[in-house]
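Right, one structure below, let's go through it.
What follows draws every value from the coordinates through simple rules; no lab data is involved. None of these values were measured; they are calculated from a predicted model.
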């Protein structure tokens, strides 16, 4: 018995030693005193109700993967003399200074944060954009604007076009989480990558990947390719992965239809959470959009996560492909939003609804089940909206 325990202990020690380079890269990419982060941005104004749809909108907590910070304020709000207050990582400094006044009607302001040791810098943009509402609208997502993540250039990120013509960061992926287990992977080997030859121009390619030795040790054996409107919080990716995915962005439109083009090929071997192959089970993709109420009756912000994106009582409408049929050619989908309750136009006027659009190469990827190699390609996504009849 003692010999068996010793062998087991020795095996675990050897495994940990083998994983030390990866763990070191994941946990400590930078030396001490090298943090150069903006942690929060707050806008203090004399009449917050004239600027913000909800009082909680006056402050944003900045995730470690975010560099573009956008405040959406009421149409007609004066954004020419605003003084954002920034909180920074320990010892860091910022230029221009926190609290300095800027004319945001002329566009976003770039802030440069320098670490305490002076060796590292990170650039952020802060934009304050009054809402521009149209009578009818079709929201278009074509996935043409993408780049390597600017800080370390390990993986790709995508941008959407904002009302003023600048680029925003409404699209999120779990690529940053995959880096924790496969830090040596090339950008093209991540779960979410660009596809140059899409249905019309560029598209996005989502592939379920093996997470390697570190993933197996943590019993998170695969990473589905995913893309969604919202944020990915890499700080909790390993400890609470279902809460790392923060779904939804505020919307100014009532969605009625959800359409686009896709290709899908499931991987060869479906595996369960423990890595066991399940005979006869074929992987399936996820393609859906969710409209939900983003504040409760007391004005507290509501966000949907991986554990309640399809089950929350705050969901107002759902548009979902019931079955994503495998196809090797570009295939159209068009589904209607099914409303579960009466739509509140006054709530919409105050940006009380959020919209989440979600794609995944493995529908059960959030609980680390699926087939390595499953591939979902998406292009030319449209959210067809309507307006209140006058």
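Normalised by the residues of region 31-131, what does the relative contact order come to in percent, with Cα pairs under 8 Å and at least six apart? Once divided by the residue count of region 31-131, the mean separation gives 35 percent. Here the Gaussian network model covers the chain, with springs between Cα atoms less than 10 Å apart; of 243, 90, 295, 90 fluctuates the most. Size descriptors for region 265-390: radius of gyration and Dmax over Cα atoms are 17.3, 58 Å. Size descriptors for region 175-289: radius of gyration and Dmax over Cα atoms are 15.8, 46 Å. Bridges between two residues of region 31-131, per DSSP, are antiparallel at a rate of about 75%. Is the shape of region 54-173 rounded, prolate or oblate, going by the alpha carbon gyration tensor and its root eigenvalues a ≥ b ≥ c, with a/c under 1.5 for rounded and a/b larger than b/c for prolate? Note, shape of region 54-173 comes out oblate.
Its relative contact order, with pairs defined as Cα atoms under 8 Å and 6+ residues apart, puts the chain at 17 percent. Pairs of alpha carbons in the chain separated by more than 33 Å make up 35% of all such pairs.
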